[in-house]
Amino acid sequence: MSSIKQVMISLGRPLILIILIPLVLILGIINTITFPLYNPYIVEISIGILLMGLGTILFSYCVHLFYKIGKGTLSSQSNLHTQHLVIVGPYKYVRNPMDLGLMVILFGESLFLRSFILLIYSIICLIISIVYVYLSEEKDLKARFGQEFLDYKKSVRAWIPRLKPYNPQAKKSMEEES
C-alpha cells in the first residue's frame, strides 16, 4: 500500500495543472483584474467559485478512493498503481470522475477570473485528457484488470455520467438467471 507521502507526491501534477499553469497564463493580464465592492460580473464569479468547489470535492474524493479502495495513487509509476479497480462512489456513474473534477475546476477558474485564455487552456486540457485516456490509460487498465475492466467499460461511459449506478453484482445475477 502506498504511503501518505506517495499520495501527496502524486498530487503534484494535478496541482500544477489547476493552479500553477493558470496562474502563469494570467500573470500578463493580472493588472487588469479589479475587485470592486460591486461587481457586475458577480454571477460569473459566483458560478466559477461554485464549480471550483464542486470540482475540488469530486477530485479529492476520487483521490481518497484510489488510496483506500484501489490501494494506490493516481501516479503513473508502476509501484504506485492502484491494486484494485475502483468502481465505487462516482466511478459507478462515469469512468473518469477525477479528470472531470479537474476540468470542472479549470472551467470554474476561467469563469471566476473571466479569462478567455484559461477557457482555451481548459478545452486543450480536456482534449489531451480524452486522448490520453483512450490511447494509454484504458490499455493499461485492460492489461491489469482484464475482464473486470472490460465489463465495467462496456457498462459505464468514459465522460458522460449514467443515471443509474453501475452494479456488477446485478449484472452477474441477471446472467446467471438466463
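Here is a list: LEU150, LEU141, LEU111. Which entry is in contact with an Asp or Glu (Cβ under 9 Å, 6 or more places away or on another chain), of a type outside the set (Gly, Ala, Ser) and modelled with pLDDT of 90 or more?
LEU111
Assess whether ILE123 counts as being β-branched (Val, Ile, Thr), touching a residue at least 12 places away in the same chain (Cβ under 8 Å) and within 30 Å of VAL43 (Cα to Cα).
So ILE123 does not fit the description; no.
Which is of a type in the set (A, V, I, L, M), out of contact with any Pro (no Cβ under 7 Å at 6 or more places or on another chain) and at pLDDT 95 or above, of VAL94, VAL156, VAL86?
Result of the check over VAL94, VAL156, VAL86: VAL156.
Yes or no, residue by residue, for (1) over 20 Å from ILE18 (Cβ atoms); (2) surrounded by 17 or more Cβ atoms within 10 Å (Cβ to Cβ):
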{"position": "HIS81", "(1), (2)": "yes, yes"}
{"position": "GLY89", "(1), (2)": "yes, no"}
{"position": "GLU109", "(1), (2)": "no, yes"}
{"position": "SER136", "(1), (2)": "yes, no"}
{"position": "PHE149", "(1), (2)": "yes, yes"}
{"position": "ARG157", "(1), (2)": "yes, no"}
{"position": "ARG162", "(1), (2)": "yes, no"}
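Between ILE117, ILE45, ILE105, ILE123, which is at pLDDT 90 or above, more than 18 Å from the chain's Cα centre (by Cα), among the β-branched types (Val, Ile, Thr) and surrounded by 14 or more Cβ atoms within 10 Å (Cβ to Cβ)?
The conditions single out ILE117.
So which residues in the stretch 48-68 are surrounded by fewer than 19 Cβ atoms within 10 Å (Cβ to Cβ) and either assigned to a loop (DSSP other than H, G, I, E, B) or touching a residue at least 60 places away in the same chain (Cβ under 8 Å) (or both), if there are any at all?
Hit for the stretch 48-68 is ILE49, nothing else.
The values are calculated or read from the model by the stated rules, or taken from the named source; none is laboratory data. This is a predicted model, so every value here is computed, not measured. No Cβ is skipped: glycine too gets one built from the backbone with ideal geometry, and neighbour counts run over all protein chains shown.
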